Amino acid sequence: MIIVKSREEIELMRESALIVSKTLGMIASEIKEGVTTLYLDKLAEEFIRDHGAEPSFLGLYGFPNSLCMSPNSQVVHGIPNNKPLESGDVISVDCGAYKNGYHGDHAYSFEIGEVTPETKKLLQITKESLYIGIRELRLGNRVEDVGNAIQKYTEAHGYGVVRELVGHGVGQKMHEDPEMPNYGKKGRGKLFVEGMVVAIEPMINQGTRNIKQHKDGWTITTADGKPSAHFEHDVAIIDGKPEILSTFAYVYKALGIVSNEEDEFRKVPLVL
């Protein structure tokens, strides 16, 4: 059952989402060759708590950390460790924050040092597919309209769309209805309604769409060992149209990137 949020609830969710966005911006300033993911995880937990929130992932279903950090062939749910990051790595950083009774959930894939042109393109196309999917989150459309748009765009570039892992509704619980797959057929799935909030998160592989889960019960990698990319936004339907509650602006500020990609999804310009 889709849990509809009031405007007041959506504003509380925006606050939680922006704490996550700020956390990712802090990570963007710290993530580099030689740094360990466990160090970054500790920084994130402190940052989230300093902003009056709790890490959503810590203890969720038994997960041991505050960040899911998934380098290279890891798709999602990577557990932070003491292995230093290396130049050429690409890593998904997925983060959640819980404040005022609501969760924010948000992810960005970072380049470490000099990555290959093929990997750089994978990240670019995956992030572009996120916004292509978001455009379909509007009244009159259905769940698989979003997935179909993401699938068509990424498969046209020869990439594999993960089937076993999907986006989701978000609110007082981290995972709510509906599930938001990154594949599907137009016109199929639950009908979108005013006030719904979802996490849209393309998980796209450079090679095969097939994945495998490791013995730790969390880590998921591509079956062929090729890199994977992952980007995620929290999005609400307001006045029938998609409005992004999270932002990559803090990441871009830290990395010196200029972008207007989110402007079409905001009624009011974001002030950092």
By the scheme Lys and Arg +1, Asp and Glu -1, what is the net charge of all other residues having a beta-carbon under 10 Å from that of Ser109?
-2
With 27 Å as the cut-off, how large is the P(r) tail for the chain, expressed as percent of Cα-Cα pairs?
32
Where Lys and Arg each count +1 and Asp and Glu each count -1, what net charge lies around Gln213 among other residues with Cβ under 14 Å from its Cβ?
+1
Debye, to nearest 20: dipole size of the chain, +1 on Lys, Arg Cβ, -1 on Asp, Glu Cβ
580
So, in Å, what gap is there between the alpha-carbon centers of the range 151-167 and the range 185-257?
11
Counting only protein heavy atoms and a 1.4 Å probe, tell me what percentage of the range 1-159's accessible area is made up of carbon and sulfur.
49
Which entries in the list Lys42/Lys253; Lys99/Lys226; Lys212/Lys241; Lys120/Lys173; Lys42/Lys99; Lys99/Lys267 go over 26 Å, if you measure between the two C-alpha atoms of each?
Lys99/Lys226; Lys212/Lys241; Lys120/Lys173
Tell me the per residue accessible area of the chain using a 1.4 Å probe; a whole number in Å² is fine.
43
Would you work out the Kirkwood radius for the range 72-203? I mean one over the mean of 1/r across all pairs of different Cα atoms, in Å.
15.8
So how exposed is Arg142, as accessible area in Å² (1.4 Å probe, rounded to 10)?
90
Under a Cβ-Cβ cut-off of 13 Å, what is the net charge of the residues other than Pro64 that fall near it, where Lys and Arg count +1 and Asp and Glu count -1?
-2
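The values are calculated or read from the model by the stated rules, or taken from the named source; none is laboratory data. Computed from a predicted structure; not experimentally measured. In this analysis, Cβ positions are derived from the backbone assuming ideal geometry, glycine residues included, and neighbour counts consider all displayed protein chains. What goes into the accessible areas is simple: the full protein's heavy atoms, side chains included, and nothing from ligands, DNA or RNA. Shrake-Rupley method; radii C 1.70, N 1.55, O 1.52, S 1.80 Å.
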